[in-house]
Amino acid sequence: MSIAKPALFVLMAATVVALGCGGKKPPVARPLPPPPPVASATPPAPTTARPPAPPRPSVEPTTVPPEPVRDDAIASATLDELNRNSPLRPVFFALDSAEIDPAAKAVLDANAPLMKRYPGWVVTIEGHCDERGTREYNLALGERRAQAVKNVLVASGIPASRISTISYGKERPAVVGSSEEAYAQNRRAVTTVN
């Protein structure tokens, strides 16, 4: 019986070991693939070589428009000089009218490129009338004249934010008098630089 006790002991130990492992298989080491064949007799590159630099992001060049060419006399003029000898010509209107006739359109077609050339100019269009009619009527007519000029300039590509309007009606005549010549000179829209 003495031999049976050690055999029983070994059997119990094997059972405990078998139950403790849970039937898991040990991991199997897989062999590494063979190195690729060398095609030429050149020695391999050293392993300390730097990896290639990452590509640099593409940067779009910013285009800065050239500064507009300016006439020295206009560019160096003070605001008072500029408005006294204004390169922006006035527009004249028929009696009781705010319509832009062909002559007025030609004047505005000449004024618009000048305003584009000096994009820093902010202007006021003043509507004027002759002395005939009531104050209220002439203020309203002067405003329609100033607005008509503004509409043509905006249609020519001048931003509306650069243009304001005001009506002086018959309060600021260019020529004092009660003749048709004086009346014709007073029915106008004048563009002033602010």
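Please treat every number below as a calculation from the coordinates, not as lab data. Everything quoted here is computed from the prediction, not taken from an experiment. Heads up, the Cβs are rebuilt from the backbone with ideal geometry, glycines too, and the neighbour counts pull from every protein chain shown.
If amide hydrogens are placed 1.01 Å from N in the peptide plane, which non-local residues have theirs closer than 5 Å to the one on S167?
Those qualifying (amide H under 5 Å, at least 5 residues apart or on another chain) are G127.
With r defined as the distance between the Cβ atoms of V154 and S178 and R0 fixed at 25 Å, what FRET efficiency is calculated, to the nearest 0.05?
Values: r = 35 Å, r/R0 = 1.42.
The computed FRET efficiency comes out at 0.10.
Explain nothing, just compute: Karplus ³J(HN,Hα) = 6.51 cos²θ - 1.76 cosθ + 1.60, θ = phi - 60°, for every residue of region 107-124 in order, whole Hz, x for Gly and Pro.
Along region 107-124, the couplings run 5, 5, 5, 7, 6, 4, x, 5, 5, 5, 5, 10, x, x, 6, 10, 10, 10 Hz.
In sequence order, what are the phi-derived ³J(HN,Hα) couplings for region 182-191 according to the Karplus relation 6.51 cos²θ - 1.76 cosθ + 1.60 with θ = phi - 60°, rounded to whole Hz, with x for glycine and proline?
Ordered by residue, 3J(HN,Hα) equals 5, 4, 4, 6, 8, 7, 8, 10, 10, 9 Hz.
Describe numerically, in nm with one decimal, the distance between label points set 7 Å from Cα along Cα→Cβ at R89 and at R117.
Simple spin-label model gives 1.4 nm for this pair.
In sequence order, what are the phi-derived ³J(HN,Hα) couplings for region 160-173 according to the Karplus relation 6.51 cos²θ - 1.76 cosθ + 1.60 with θ = phi - 60°, rounded to whole Hz, with x for glycine and proline?
3J(HN,Hα) across region 160-173, in whole Hz: 4, 5, 8, 10, 10, 10, 8, 10, 9, x, 9, 6, 10, x.
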